[in-house]
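Participant: Shown below is the structure under consideration.
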Amino acid sequence: MTFLTAKSLPRRTVLRGLGATVALPLLEAMTPAVARAAAKPVHRFQTFYVPNGMAMEYWLPKTTGAAFEITPILEPLAAFRNQMLVLSGLKANWNYIHAGASGSFLTGTVRGGRNEVEIIADVSMDQLLARHFAAETQVASLELAMDPPNNAGACTGNLSCVYTHTLSWRSPTQPLPMEFNPRAVFEKLFGDSGSTDRAVREARLRQHKSILDSVNDKLAALRRALGPQDQVKVDQYAESVRDVERRIQRAEEQRETDLPIMDQPPGVPAMFEDHLALMLDLQVLAFQSDLTRVISFMISKEQSARPYPQIGVPEAHHPLSHHGEQPELIARMSKINRYHTELFANYLAKLRATPDGDGSLLDHTTILYGSGISNSNRHSGDDLPILLLGGGAGRLKGGRHLAYTDKPSMANLLVTLMDKMDVPVERLGGSTGRLPIDTVSL
């Protein structure tokens, strides 16, 4: 029988004796009993987007259910099989070459703009989640990429570059830029303190709080001297200040969090792998410190021309993806697709190795991996290459390949994932219902 008591030990309880002071590890008694009884693991969501379609012959398992085969591209993920769902048969909601691929991946939109200045989609799934978690984290969401943003001009067809350079839309007309500079990501998460060291973070926090107190005092005095219309404007500004206050309060609550010591990156490394390692380490830190629970990440933008000579593929990715159905070119493209899953597997290993509550970060995260194009030679939006990874805080059952024969849309999966995140919505983009992902086979 478990007895509840409101008493708990202080987090900084120490044992003194023999001339030494020894800090205790985190004990159950240091958490109030009521909180322990009601505690639920934090559920995080991440998108990991790969561009330019997939060599489907090397991706898609021929068998379904729990006995599905591990294909060449999926082989690097074999260690995570029990927390992996392979989904096939889904179709893109907006199948317009590369713009529709990334433009509809998280929005489920059925159409975009008609020229380079008309920019329209739908609110993306990650931003719906960001609104929900905004009150609980310092950073509502992170939008990250390995390429610099380009939100002007035409990049695909005659449409705006914004469609190929972001996954995230705050509103149907407000796409969000993806940050590619690890220095800027570090500053967004930890300020310009230069390090994740606790003492450095606390000193910076005290400075910010002092500045904010001064701003609030001046705002109060200014408001008393203004007319009604100007008071409304000051109140709107004060709302932004209150959001900063909320972030500082969350930071104070999380000041006990011990993080690996990481210095602020100086900028964008020249080598792709070095750049990627920094970006992924920052994402692990963001989840580990509960600074955010929503991350959208593009390993490359659509139409990316990045070559991969380090794996024996010197050709630019996008031109190679238009392989003309030539087997030798498809095989070379599959090497890029497999390299991406290898890099992704390294990230999953870091999440699995990071303790979180009664499990790991991977246990308490739902990750959507895939592309908005299947056969890249035809820009096909049918049978998209999609994976779900992670334990989903107990909400996902992995180890299966689910093949849908009625061609449900990607938007239906997004609505279902919102249910899994306990943030249900009636519809998202062009959704027409929900996707059964809890059944063993279809």
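Participant: In region 174-195, how many residues are assigned to a loop (DSSP other than H, G, I, E, B), modelled with pLDDT under 85 and crowded, with 16+ Cβ neighbours inside 10 Å?
Facilitator: Here is the first cut: in region 174-195, the residues assigned to a loop (DSSP other than H, G, I, E, B) are 176-178, 180-181, 191-194.
Narrowing further to those that are modelled with pLDDT under 85: 191-194.
Filter again for crowded, with 16+ Cβ neighbours inside 10 Å, leaving 191, 193.
Final tally of qualifying residues: 2.
Participant: Moving on. Output the residues belonging to region 298-336 that are closer than 22 Å to residue 273 by Cβ and of a type in the set (S, T, N, Q).
Facilitator: Across region 298-336, the qualifying residues are 300, 303, 304, 310, 321, 334.
Participant: Within region 328-349, is even one residue small (Gly, Ala, Ser) and in contact with a strand residue (DSSP E or B) (Cβ under 6 Å, 6 or more places away or on another chain)? Walk me through it before giving the result.
Facilitator: Restricting attention to region 328-349, the residues satisfying the condition of being small (Gly, Ala, Ser) are 331, 334, 345, 349.
When the remaining residues are screened for being in contact with a strand residue (DSSP E or B) (Cβ under 6 Å, 6 or more places away or on another chain), the result is none.
Among the residues of region 328-349, not one is small (Gly, Ala, Ser) and in contact with a strand residue (DSSP E or B) (Cβ under 6 Å, 6 or more places away or on another chain), which makes the answer no.
Participant: Tally time: how many residues in region 38-88 are modelled with pLDDT under 95 and either within 26 Å of residue 306 (Cβ to Cβ) or of a type in the set (D, E, K, R) (or both)?
Facilitator: 3
Participant: For residue 363, indicate whether it is acidic (Asp, Glu) and surrounded by fewer than 16 Cβ atoms within 10 Å (Cβ to Cβ). Lay out the reasoning, then the answer.
Facilitator: Values: acidic (Asp, Glu): yes; surrounded by fewer than 16 Cβ atoms within 10 Å (Cβ to Cβ): no.
Criteria not met by residue 363.
Participant: Right, another one. Within region 134-161, count every residue that is more than 26 Å from residue 266 (Cβ to Cβ) and either modelled with pLDDT of 95 or more or charged (D, E, K, R) (or both).
Facilitator: From region 134-161, those more than 26 Å from residue 266 (Cβ to Cβ) are 134-137, 140, 152-161; that's our starting set.
Remaining after also requiring either modelled with pLDDT of 95 or more or charged (D, E, K, R) (or both): 136.
Qualifying residue count, region 134-161: 1.
Participant: Still on this structure: State all residues of region 381-403 that are in contact with a helix residue (DSSP H, G or I) (Cβ under 9 Å, 6 or more places away or on another chain), at negative phi and not hydrophobic (A, V, I, L, M, F, W, C); if no residue qualifies, say none.
Facilitator: Pass one, region 381-403, residues in contact with a helix residue (DSSP H, G or I) (Cβ under 9 Å, 6 or more places away or on another chain): 381, 383-393, 395-396, 398-399.
From what is left, the residues that are at negative phi are 381, 384-389, 391, 395-396, 398.
Passing the criteria: 381, 385, 391, 395, 398.
Participant: Among the residues of region 343-392, write down those that are closer than 17 Å to residue 103 by Cα, under 17 Å from the mean Cα position of the chain (by Cα) and not in a strand (DSSP E or B).
Facilitator: 371, 372
Participant: Would you confirm whether any residue within region 409-428 is surrounded by 18 or more Cβ atoms within 10 Å (Cβ to Cβ), of a type in the set (Val, Ile, Thr) and assigned by TED's automatic domain parsing to the domain that holds residue 71?
Facilitator: So in region 409-428, the residues surrounded by 18 or more Cβ atoms within 10 Å (Cβ to Cβ) come out as 409-418, 420-421, 428.
Filter once more, keeping what is of a type in the set (Val, Ile, Thr): 415-416.
Checking which are assigned by TED's automatic domain parsing to the domain that holds residue 71 leaves us with 415-416.
Taking every residue of region 409-428 in turn, at least one turns out to be surrounded by 18 or more Cβ atoms within 10 Å (Cβ to Cβ), of a type in the set (Val, Ile, Thr) and assigned by TED's automatic domain parsing to the domain that holds residue 71.
Participant: I would also like to ask the following. With respect to residue 305, is the statement that it is among the small types (Gly, Ala, Ser), without any contact (Cβ under 8 Å) to a residue 60 or more places away in the chain and in contact with a helix residue (DSSP H, G or I) (Cβ under 6 Å, 6 or more places away or on another chain) true? Give the steps one after another, and end with the answer.
Facilitator: On the way: among the small types (Gly, Ala, Ser): yes; without any contact (Cβ under 8 Å) to a residue 60 or more places away in the chain: yes; in contact with a helix residue (DSSP H, G or I) (Cβ under 6 Å, 6 or more places away or on another chain): yes.
So residue 305 fits the description; yes.
Participant: Inspect region 286-306 for any residue being assigned to a helix (DSSP H, G or I) and closer than 25 Å to residue 71 by Cβ and give the result as yes or no. It would help to see each step written out before you state the result.
Facilitator: Here is the first cut: in region 286-306, the residues assigned to a helix (DSSP H, G or I) are 286-288.
Among the residues that remain, those that are also closer than 25 Å to residue 71 by Cβ are: none.
No, region 286-306 has no match at all.
Participant: Still on this structure, please answer the following. Among the residues that make up region 121-134, is at least one of them more than 18 Å from the chain's Cα centre (by Cα), surrounded by fewer than 18 Cβ atoms within 10 Å (Cβ to Cβ) and assigned by TED's automatic domain parsing to the domain that holds residue 168?
Facilitator: No, region 121-134 contains no residue that is more than 18 Å from the chain's Cα centre (by Cα), surrounded by fewer than 18 Cβ atoms within 10 Å (Cβ to Cβ) and assigned by TED's automatic domain parsing to the domain that holds residue 168.
The values are calculated or read from the model by the stated rules, or taken from the named source; none is laboratory data. Note that the structure is a prediction, hence the values are computed from the model and not measured. Heads up, the Cβs are rebuilt from the backbone with ideal geometry, glycines too, and the neighbour counts pull from every protein chain shown.
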